[in-house]
Amino acid sequence: MLPRTAHVMLTGAHGNVGDAIIRRRALDWVRGAREVHAYVGATTPGWVGQLRFDDHDRVYHREHLVRWLRGVLFGARGRVVVLAPGEVAVRRRELAKELGFLLLTAVVRLTGGTVVRPPRALRGRAPATVAVHRLACRLSTVVMWRDAPSAALVGTGLSLPDIGFGETTVEGAPWPRRTTVMVTMRGQRAFPSPAWVEGVTAFAGAAGLRLQTFAQVRQDEDRAVELATALGAEHLAWGERDTVAQEERLRRAYGDARVVVSDRLHVLVFAMLSGAVPAEVVDAPSSKIREHFAQISADVSLDSGGASAEQVRTFLTELVGRREQLFAGLAAGRVQLAEAERLVERLVAGPT
C-alpha cells in the first residue's frame, strides 16, 4: 500500500534559527509520505531556505492558504496533518484561532484523517481558550507536550522533550581542546548585573577559556555587542550572513565551547547537541527553560538576581562538574524522541 500524504504547518519568523530547526524536525518526521504539502504562511525566502525542502515538496505561502486547507479538509482518506511544534498561545485573543483548529481537527478525523500535534507548550491560560484547545487535543490522533505543566493542564497526550533535542548532533572538539565560553542573551531583557558580568568573567578566567558573544536570534545582535564590551569578549558578528549560514556557523562554534550561557531555550538545546554544557544564568528567569530541561532530567538554571559574582562562578563550575549526568539525560531524551518519530512514521506509512 502506498504511503499517505502529509500536510504540515511550518509557519515561523525568519531570523530565528531555533524556530526553523524545530519545524524542520517536524518535516523530517513525515519524510516517508507519498506527498508533502507544507504551509509556511507569510514569510521570507530565508525562512523557506532554513526548512530545507526537497524539490518535490509542495510549499504553500499565505496567498495559497485556501488551497492548502482544501487538501487538509477534503484530501485523500488517511491523510496525516501535522501541526507546528513549539509554543502555542492560548490567551483570550487566540480563542477564535483555537476554534478554527478545533473545527479543522474534527473534520479531518471524521473524514478518516490523522492529526498529529508534535511536542508543544502552552503560553497563557485563558480558561475558554484552554477548554477549546483541550477538546481539539482529545479529538487528535497523537498529542505530545514538551513541558509537564502543559501536559497536566490539558490532561491528555505524551510528555516528551522538545523536538529540538532530536536534531542531528555535531561532533565537536574533544573536551580538553574546547577553548571558549559563549554568551548570548535576549535583547528585550534588562542588561545583566555587574555581579553577573564579574562571575561569568571569573569562571572563564579560572578555566583558561576565551569569552565569545553571539546571536542565534537576529534581534539579539545589538545585545551581543553590548555583552562583548562588558565581558571583554570577542563578538561573532552575524553581519550579512543569511540565517542558514548563521546556523551552520554557530553549530560549529558550539563544538569548540565548554559552556554556553543564555536565556534562550534553543540556544541551550543546540549548544548541548554540539557537546557544550548549557547554562541559564539570568535575573528572574521565567520557568520555561527549567521546565523544558526537566524533560531530560536536567537543571541548568540559576536565578542570578541578588547573586554575588562568586555564586555565579560557583554555579557554572559545579554545572560543568555534572556534565556526564546532563548528557546521560540528553541521551535518554533522544531515545524518547526517536520512538515518537517512529510512531509518526508508522502513521505516514499507513497499514501494512
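Against the definition (part of a helix (DSSP H, G or I) and touching a residue at least 40 places away in the same chain (Cβ under 8 Å)), how does residue 100 come out, yes or no?
Considered against the rule, which asks whether it is part of a helix (DSSP H, G or I) and touching a residue at least 40 places away in the same chain (Cβ under 8 Å), residue 100 comes out as no.
Residue-wise test of (1) crowded, with 18+ Cβ neighbours inside 10 Å; (2) farther than 17 Å from residue 29 by Cα; (3) hydroxyl-bearing (Ser, Thr, Tyr).
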| residue | (1), (2), (3) |
| --- | --- |
| 81 | yes, no, no |
| 92 | no, yes, no |
| 111 | no, yes, yes |
| 114 | yes, no, yes |
| 124 | no, yes, no |
| 128 | no, yes, no |
| 132 | yes, yes, no |
| 141 | no, no, yes |
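Please enumerate the residues belonging to segment 114-135 that are under 27 Å from residue 266 (Cα atoms) and assigned to a helix (DSSP H, G or I). Correct list: 129, 130, 133, 134.
If you go through segment 189-222 and pick out every residue that is surrounded by fewer than 24 Cβ atoms within 10 Å (Cβ to Cβ), assigned to a helix (DSSP H, G or I) and within 21 Å of the chain's Cα centre (by Cα), you end up with 3.
Checking the condition in the same structural domain as residue 283 (by TED's automatic domain parsing), closer than 28 Å to residue 330 by Cα and surrounded by fewer than 19 Cβ atoms within 10 Å (Cβ to Cβ), which residue from 186, 241 passes?
Working: 241 fails: closer than 28 Å to residue 330 by Cα.
Exactly one of 186, 241 is in the same structural domain as residue 283 (by TED's automatic domain parsing), closer than 28 Å to residue 330 by Cα and surrounded by fewer than 19 Cβ atoms within 10 Å (Cβ to Cβ), namely 186.
Selection of helices (runs of 4 or more DSSP H) fully inside segment 239-296 by the criterion of at least 1 residues being in contact (Cβ under 8 Å) with a residue 40 or more places away in the chain and under 21 Å from residue 120 (Cβ atoms) returns 265-273, 288-294.
Pairs are defined by a Cβ separation below 7 Å, a sequence spacing of at least 6 or placement on different chains, a first member in segment 59-79 that is touching a residue at least 60 places away in the same chain (Cβ under 8 Å), and a second member that is aliphatic (A, V, I, L, M) and part of a strand (DSSP E or B); the pairs so defined are 72/81.
Within segment 336-348, residues that are over 20 Å from residue 294 (Cβ atoms) reach partners that are among the charged types (D, E, K, R) and buried (at least 19 other Cβ atoms within 10 Å of the Cβ) with beta carbons closer than 7 Å, at six or more positions or on different chains, in the pairs 348/4.
What number of residues within segment 145-176 are in a helix (DSSP H, G or I) and without any contact (Cβ under 8 Å) to a residue 60 or more places away in the chain? Residues flagged as in a helix (DSSP H, G or I) and without any contact (Cβ under 8 Å) to a residue 60 or more places away in the chain within segment 145-176 amount to 6.
The values are calculated or read from the model by the stated rules, or taken from the named source; none is laboratory data. What you see is a predicted model; the values in this text were computed from it and never measured. For neighbour counting, all protein chains shown are included, and Cβ atoms are generated from backbone atoms with ideal geometry for every residue, glycine included.
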